[in-house]
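The values are calculated or read from the model by the stated rules, or taken from the named source; none is laboratory data. Because the structure is a prediction, the values reported are computed rather than measured. Cβ atoms come from the backbone with ideal geometry, glycine included; neighbour counts cover every protein chain shown. These accessible areas exclude ligands, DNA and RNA; they are computed on the full protein's heavy atoms, side chains included. Shrake-Rupley method; radii C 1.70, N 1.55, O 1.52, S 1.80 Å.
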Amino acid sequence: MKDILRRLVAGELTEDEAIVELRAVQLEELSGRARLDLGRFLRRGIPEVILAQGKTPEDTAALAIAMAERQGQGLVSRMSDAHQEALSGAAAGAHLEMRAYGASARVLQPGFAPDPIDGRVGILTAGTSDVVVAEEARMVIEAAGLQVRLEADLGVAGLHRFVGPLAAILEWGADALVVAAGMDGVLPGLVSGLVAIPVVGLPVSTGYGRGGAGEAALLTMLQSCSTGLTVVNIDNGVGAGTAAVLMASRAASARAIKGGAAAEAQRQQPQSRPR
């Protein structure tokens with residue numbers, strides 16, 4: 001993108017030629033089977049995530065490799081063992097790194113890292129069974145260049161367990177929290193009622209009998225008495241991570257503006273002269 005703009009300013013490209021190249025950067029069709037949205041990160045600060053579910057392992061791997069080769073990283077969610085095996089082999093063949101996040105993964109060019117953003121997101125899970133979905137959220141947050149900390153197994157069955165980790169994440173300076181819970185789904189509402197930062201409730205399809213596929217957790221979060229709790233769909237780690245990235249990024253941007261204004265005000269203050 002920067003190279004295209006540089007060549008336009010230098011007169012090496014006409015406006016029409018630049019538009020054609022920008023469109024090519026933002027959208028690429030692969031064999032008529034997929035259209036990669038290569039401009040999503042530039043528009044939103046969040047890269048496209050390839051949903052492996054419903055795609056063949058070979059197609060999923062090809063899409064992820066294409067994204068990584070063009071943008072530095074390719075993200076995949078909801079992988080089966082067959083998807084993971086195909087992606088691992090394709091990444092090795094293309095000399096790319098594969099970083100696993102439960103049933104999700106990032107494929108990275110060697111040495112690639114997204115531009116860092118001074119935003120922080122904490123992730124809490126009610127149980128260890130919720131970690132796979134929480135890892136999906138963590139993948140998105142790290143891919144967007146933010147810092148993230150994950151603390152697991154903090155459910156209300158042992159309420160004393162979550163106080164210390166929550167306090168530590170708040171002291172660390174989290175700008176937003178993702179709280180994943182299955183079963184009764186109580187933890188996000190509880191956390192939201194205790195903190196003054198945005199909380200994203202992530203219902204997980206763990207539990208027993210009726211409602212055990214995540215419906216009970218979803219309804220509990222939607223009916224929470226804690227006002228302001230944001231809730232995504234069942235097992236939607238990508239959506240939870242995306243929401244947290246947008247929240248934390250705005251907080252980081254506001255800090256930067258405030259810090260710049262304070263520095264400018266300090267610079268413009270008259271300096272006292274020694275007598």
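Only Lys, Arg, Asp and Glu count, each charged at its Cβ (+1, +1, -1, -1), so figure out the dipole size of the chain about its Cα centre, rounded to 20 debye. Working shown, then result.
Details: 25 positive and 30 negative charges, 230 e Å.
It works out to roughly 1100 debye.
Taking all protein chains as present, what is the carbon and sulfur share of the accessible area of the chain, in % to the nearest whole number, probe 1.4 Å?
Ligands and nucleic acids excluded, carbon and sulfur reach 54 percent.
Kindly provide the pair-distance distribution of the range 80-211 built from C-alpha pairs, with 5 Å bins from 0 and whole-percent values in order of increasing distance.
P(r) over the range 80-211, rounded to whole percents: 2, 10, 18, 20, 17, 13, 10, 7, 3, 1.
Which residue fluctuates the most in the chain, going by a Gaussian network model with Cα springs under 10 Å, if the choices are 63, 246, 13?
Result for the chain, Cα springs under 10 Å: 13 fluctuates most.
Roughly what % antiparallel, to the nearest 5, for the DSSP beta bridges in the chain?
On the way: 13 of 33 bridges.
Within the chain, antiparallel bridges account for around 40 percent of the total.
Taking a temperature of 37 °C and a viscosity of 0.692 mPa s, what whole-number D in µm²/s does Stokes-Einstein yield for the range 133-219 with Rh from Kirkwood over alpha carbon pairs?
242 µm²/s
Charges on Cβ only, +1 for Lys and Arg, -1 for Asp and Glu, centred on the Cα centroid of the chain; of 220, 252, 127, which one is farthest towards the dipole's positive end?
Among 220, 252, 127, the one farthest towards the positive end of the dipole of the chain is 252.
Give me the dipole magnitude in Debye, nearest 20, for the range 124-186 about the Cα centre, with unit charges on the beta carbon: positive for Lys and Arg, negative for Asp and Glu. List each step's numbers first, then the result.
Working: 3 positive and 9 negative charges, 20 e Å.
That gives the range 124-186 a dipole magnitude of about 100 debye.
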